[in-house]
1. Test of understanding: among 242, 209, 217, which residue is in contact (Cβ under 8 Å) with a residue 60 or more places away in the chain, more than 23 Å from the chain's Cα centre (by Cα) and crowded, with 21+ Cβ neighbours inside 10 Å?
2. Which of (1) touching a residue at least 12 places away in the same chain (Cβ under 8 Å); (2) outside the structural domain of residue 406 (by TED's automatic domain parsing); (3) exposed (fewer than 14 other Cβ atoms within 10 Å of the Cβ) is the odd one out, the single condition residue 314 does not satisfy?
3. Give the residues of the stretch 26-47 that are within 14 Å of ligand 2 (Cβ to nearest atom) and in a loop (DSSP other than H, G, I, E, B), sorted by residue number.
4. Considering each residue of the stretch 271-309, count those that are within 12 Å of residue 395 (Cα to Cα) and crowded, with 20+ Cβ neighbours inside 10 Å, and give that number.
5. Here is a list of conditions, (1) under 30 Å from residue 340 (Cβ atoms); (2) in a helix (DSSP H, G or I); (3) over 23 Å from the mean Cα position of the chain (by Cα), and residue 55 meets all of them except one; can you say which number that is?
6. Check the stretch 336-351 and report whether any residue there is crowded, with 19+ Cβ neighbours inside 10 Å and either within 30 Å of residue 263 (Cβ to Cβ) or not assigned by TED's automatic domain parsing to the domain that holds residue 306 (or both).
7. Which of the residues that make up the stretch 1-29 are within 24 Å of residue 356 (Cα to Cα) and either modelled with pLDDT under 90 or touching a strand residue (DSSP E or B) at 6+ places or on another chain (Cβ under 6 Å) (or both)?
8. Go through the stretch 10-25 residue by residue and tally those that are part of a loop (DSSP other than H, G, I, E, B) and near ligand 2 (Cβ under 10 Å from one of its atoms).
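The values are calculated or read from the model by the stated rules, or taken from the named source; none is laboratory data. Please read all numbers here as calculations on a predicted model, not as lab measurements. So basically every Cβ, Gly included, is an ideal-geometry build from the backbone, and we count neighbours across all protein chains shown.
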Ligand code: HEM
Ligand code: FES
């Protein structure tokens, strides 16, 4: 699409936002997250030179000069660009950039394996077409919790999926809690998928998940024409073996002591522990069967319901805007371009913010910036009350009988934090004016 702007000081990201082009900007345009990157196809000489922050990132990550950060670049003439990050999956794969590709690197990672129990029975009793369809639905459901909790999908082996956590992080507690939140998220996602599969195919999928924390070698491996990001090492095998033990021990999620140790004492709800010798290993290892956090934070609880809430993002958004405009009709006038594309951005933003709140990596600055920008959209501080009320009503409308007090309270706290950060940013802008 072709767009024109008369503002020479506008960044490429500002131009996208002004023209309703869904352009990722996790850190709110502060040169930290790199999700706003674009590839320059033509007109590079019309672009402003890289800011210091952009130059540092480009050097550290080995970008070729055609990649630019949209939030750090402005144009003084015609340019042709392509967005690079279009989905949660590409955003997450960018994390592999922090690894020296050719040389390989040793990393401390949380490694998660998940597989489908009784896959052979399922494959035998369904047509090939249905098996592929079910497998894709399965991987689709399982992938999101990995991506949303700071992980990447490393690879698939048949009906097994492997997630890695910690490629762009060095804090073991954060890495391990991300992996565990992903595991709980996967169980929730499978429960939701099963409701559907029971109706359409009369089947239920059961899964087993193993999580371990340790060292792994990561890098691109393979024939020069087909190099793939790969993870290898003893601890990777251990994670896979832990996953195989879930069946034997009758547990859905098993984590090693190495993972549990990285979290605050007593933070996991442990249903059983077992010292065991994994196949092919010389030493015993302690495994813990876990079924949740002992005292989950409101963000974790909100994250658990976000999948169900945003199963149909456009329905959710339409309902939300209808509720908000019913409560305060004058707000409709602010959405000069309608709420169609806006709904997709809002749903996406909610999903990634709710997951990010636990670690607050780019989320704090991203939300403050968004609050500041909302002043420019005509949003007054007082409107935030209406947003909150309309969002809680929409959550209740969409969840129906499934809305528990716990979920409602978790959203109430989560919205306070999101809106609080946006108001902080907006307040700074009001003071500036
Ligand atoms: C307090 C009530 C709010 C109002 C009245 C409001 C209204 C608006 C308006 C008028 C726009 C510009 C639309 C256009 O140019 O057509 C916008 C953009 C946007 N809003 Fe809101 N908004 C509110 C709160 C929020 C919250 C709480 C979030 C997310 C958690 C959010 C997420 C977004 C996003 C992602 C955009 C796209 C542009 C950008 O990223 O800067 N908004 N909003
Ligand atoms: S680096 Fe541009 S939005 Fe984060």
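1. 242
2. (2)
3. Within the stretch 26-47, 26, 27, 28, 29, 30, 31, 32, 33, 34, 35, 36 qualify.
4. 4
5. Among (1) under 30 Å from residue 340 (Cβ atoms); (2) in a helix (DSSP H, G or I); (3) over 23 Å from the mean Cα position of the chain (by Cα), residue 55 violates only (1).
6. yes
7. Listed by number, the residues that qualify are 17, 20, 21, 22, 23, 24, 25, 26, 27, 28.
8. Number satisfying all stated conditions: 3.
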